[in-house]
Amino acid sequence: MIQLTQRLRRRSSLLSVVPASALGLMLLAAPTVDAADGPPPPPPPGGEPAKEDPVAGAPAPPPAPPTTVAPAGSPMAQGEAAYKAEDYEGAAIQFHKIADGEIPGDVPRGQFWLGKALYKLGFYSASLSVFDEIVQAGPSHPFHKLTLPWLASLSRELPEGAEVLQKVGTYKPTDLESEEFDEVRDELYYLLGRFYYEKADLAQGIALLEQVPKNSDYFIPAKFFLGMAYTRDYKGEPAVAAFKEVLSRSQSLREAAAKDKKKKKKVKVKGKKGKKAKRGKNKTSIELSFEQEMRQYEHLARLGLANIFYMVGKFNTSIYHLDKVPLESAYFLDAVHWAAWAEFRMVEVDEDNANRHYQRTLGYVHTLNAPFFEDYLYPDSLKLKAVTYYFNCRYDTAKYTVDEFDRRYPSTQKDLQGILEQAPEDFQLYDLALKIRNEESGLDPFVEQVALKALQDKQLGKYFAYVTELEREIDLFEDMAAGFKNAGVGERVTEDLDLSLSQAREATGAEARSRITGMIKEISDLKIEMIKVKYEILEKRKQQKGLEQYPPKPQKPKIDAEHEIYKYNGEYWQDELGYYRYEVTSICKD
């Protein structure tokens, strides 16, 4: 009934999910090329077969390694000199001429350096387009191997909608063992492991993710996806172990951050300047963005653990982990939603305290309906509410809840369907969805709010983020010097951005359609279920005849020394969300 959904937010600089992190990896120093060939230092957090000779049928020989230094005075050497002098515009113009054959030079080398120069200029999507040509050429391209760490760098800058991960996935796991990748191998294990996980090749994904060491800044995300992979492979014990390692490592990072903050505060008080606390070589640097990202994985690990324990019937343990997801988390409402179902199922294993579990079930539903969360849809919460009253023989109240569903959601379903009909093409739906998200659609206010709720999806947000990134690059291009814009490289960048933007808008519209269609189907399925519930309620109401005159008193909530009981007076307070107990008593005679 409950399935863990992968909804990772983009790192602010890693993807934009994934969505500047301070992940401390060293600069790659490739021994076969000049040191300047290495990609920028990372912010701290399957390849093609050899082509066969068409005549002889034997595998083509491996490409010759790239030359260490361009011939002195050559156009390539001039471009590299401009690059090293940080004249990236001039370098990009020169490298494009070489790669395009306008002037003599090493075409593959010019192509590789063009990708690097565009990256340095901030044209990440255009840089990806160049590197993708090298990726598609495969191992026959002399710079194929050296492109991989640059793809890793791009994965931190571009949102997931750019599909950098799919390009990383064209490399073989054995490629990662090359000595060129000694300093970035942890990150590459993580990226390639994620690719295989998303491809559903769980065995290969697990093998790669397992190799990310504990002192790596990619350890926590790697362990999270490892837990997900084991869960999908129906291996509960290693999945639980992986998720618990996420919690443990995240806790240790927070403790280290707290100590570091305290130490810096003391240094400031003493008036010392210019010195930073030293760290051991195996410790990661911790910045707020990195810390927040690791906290996000911690919350997702809680959901992962809750899902596993729910599936094996350990509902109390599932609730324990769900209650650990804090209000400020992006996954708080998901945790509340799952906890409501877990509390309802607790009656199966703790019948003596059924009343307490029913009270807490309704309390969780009460939280979902709080005015703070008007932009979210949880239609099955009304089904849960109705069924809870049904099992307490509160048939009239149960029917009122079904009626509430009938008032709200069938019309919601029609409104959502109308939006899809209004924008039959994906690019049209993108434009409409963007206006809806900005509340500028011109639709009926209620319809706009309904659609907005359906589009409040974290994964969908990554697609919109990629469009935003492409628009940023287009604005950046407009600010470039005329010499760059009018050169061949300028034409290429313009073409790449226009094509990518068009494709990104189409893809975002398609994802929006998928979300709205999914919501329509969920409501449709719930309508059928609610009809069944309504029928059962009416049948039981006929049999009930009279109610007990003195129904039993509700069981008192169990609380510890850290909690108090307050009488709800109709007001919602944020610090009370998730802690409500809705008094209900059973009036069943048997």
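The values are calculated or read from the model by the stated rules, or taken from the named source; none is laboratory data. Computed from a predicted model, the values in this text were never measured in an experiment. Because the Cβ atoms are built from the backbone with ideal geometry, glycine has one as well, and the counts that use them run over all protein chains shown. The protein model used for the area step is the full one, side chains on, heavy atoms only, and it has no ligands, DNA or RNA in it. Shrake-Rupley method; radii C 1.70, N 1.55, O 1.52, S 1.80 Å.
Accessible surface of residue 450 in the full protein assembly, 1.4 angstrom probe, to the nearest 10 Å²? Its heavy atoms expose roughly 10 Å² to the probe. Taking the accessible area of the stretch 62-205, probe 1.4 Å, and keeping the other protein chains in place, the carbon and sulfur fraction comes to 51%. Rounded to the nearest percent, how much of the accessible area of the stretch 457-500 (1.4 Å probe, protein heavy atoms only) is carbon and sulfur? The computed percentage sits at 49. Checking the cross-link pairs 116/462; 414/462; 453/527; 385/532; 261/462 against a 21 Å limit on the alpha carbon distance flags 116/462; 414/462; 261/462 as lying beyond it.
Taking Lys and Arg as +1 and Asp and Glu as -1, the other residues whose beta-carbon sits under 11 Å from that of residue 99 total -1.
Shown for the stretch 348-450: the carbon plus sulfur share of the solvent-accessible area, taken with all protein chains present and a 1.4 angstrom probe, equals 45%.
What separates the Cα centres of the stretch 291-351 and the stretch 91-114 is a distance of 54 Å. These residues, 494, 401, go from largest to smallest accessible area, 1.4 Å probe, as 494, 401. Using the 1.4 Å probe convention, the accessible area of the stretch 141-180 works out to 28 Å² per residue with neighbouring protein chains retained.
Taking all protein chains together, 240, 312 sort by accessible area into 312, 240, largest first [probe 1.4 Å]. Ligands, DNA and RNA are left out, and with a 1.4 angstrom probe the accessible area of the stretch 301-400 is 37 Å² per residue.
Heavy-atom accessible area with a 1.4 Å probe sorts 308, 93, largest first, into 93, 308.
Exposure check, 1.4 Å probe, all protein chains in place: residue 506 carries approximately 70 Å² of accessible surface. Surface exposure of the stretch 440-506, expressed per residue as accessible area with a 1.4 Å probe, stands at 46 Å².
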